[in-house]
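Data first, discussion second: the structure below is written as structure tokens.
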Amino acid sequence: MAAARLSHRMGRLLEKAPALGPRTRVYSTSPAFAEVLRLPQKQLTKVVYPLRELGQHLAADSGPGLIEQRLFDPSLEDIGRAESIFEATARNRIEYLSSAVRLDHAPSLQQPEVCFIGRSNVGKSSLIKALFSLAPDVEVRISKKPGHTKKMNFFKVGKHFTLVDMPGYGYRAPEDFVDMVETYLKERNNLKRTFLLVDSVVGITKLDNIAIEMCEEFALPYVMILTKIDKSSKGYLLKQVLQIQKFVNTQTQGCFPQLFPISAVTNSGVHLLKCFIADITGSLK
Ligand code: GDP
């Protein structure tokens, strides 16, 4: 599990992922993930490793495996272990902690923190809700209207880490963005990783570019998540993924060179993302 902890600046390593082995082992995991493990192989790959599944549709002559770079390629067993970190139990309390409009109102915590940023309507609340699907008492608001999240919302995931839902930027939220997001990103000491959400249907927008520039300027390690992958045809999604991957490879320094495509509707990519978060916060030790 050390792959993600390798410095994201180590270069664009090309790693061949091992083929999924026979699924005869019994993993200690949540019943929900056990159900995923029972899926036929093709469907399982689509749900657990969407990028790998997409890569299979690349024509052999379309370049040296642009989206085949798999820096983070955990086994199903590791993914199953990470599931339990996101599962609320008496010993692993997952709860909403507090909200803050300014950084000095944020809870003072020692444990590692990850934050989620993105323009309004990108699917941030839906993704966080999907991450917390095994913690049904955690309430994550999902907006009907864009721009409702005006505060930073802090969630505690056991003794492992905190997860912060940042105010969506864009529509009617420029002040929030400057006052909260920028200050938070710049000054939050325990921030381990920033997850920047981009709508896979729309691609990288001007607003996303502002956030990207900010992450780059502050030399933050950040990760790009592509949301709503269930909305497009495979061909369109592939085109978008290749375009965004190219952007990441050529225009960024601090962005983790592997994209995380997800769907909050089909849950595709969500398990892998949980495992990545668990890994970078040291929760799998
Ligand atoms: P936020 O403003 O970034 O928190 O965005 P929301 O999570 O509220 O989502 C905005 C809209 O996109 C809502 O209508 C969601 O139902 C929809 N949405 C979010 N994620 C997905 C997804 O993965 N697939 C699809 N098809 N729709 C999604």
Response to the item:
In segment 147-157, anything at pLDDT below 95 and in contact with a Lys or Arg (Cβ under 8 Å, 6 or more places away or on another chain) is listed as 147, 148, 149
Item to complete: For residue 175, state whether it is at pLDDT 85 or above and surrounded by fewer than 21 Cβ atoms within 10 Å (Cβ to Cβ).
Response: no
Worksheet item: Which is open to solvent by 40 Å² or more (accessible area, probe 1.4 Å) and modelled with pLDDT of 90 or more, of 108, 133?
Response: 133
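The values are calculated or read from the model by the stated rules, or taken from the named source; none is laboratory data. All values reported here derive from a predicted model rather than from experimental measurement. Note: ideal-geometry Cβ built from the backbone for every residue, glycine included; neighbour counts use all protein chains shown. Heavy atoms of the whole protein, side chains included, go into the accessibility calculation; ligands, DNA and RNA do not. Shrake-Rupley method; radii C 1.70, N 1.55, O 1.52, S 1.80 Å.
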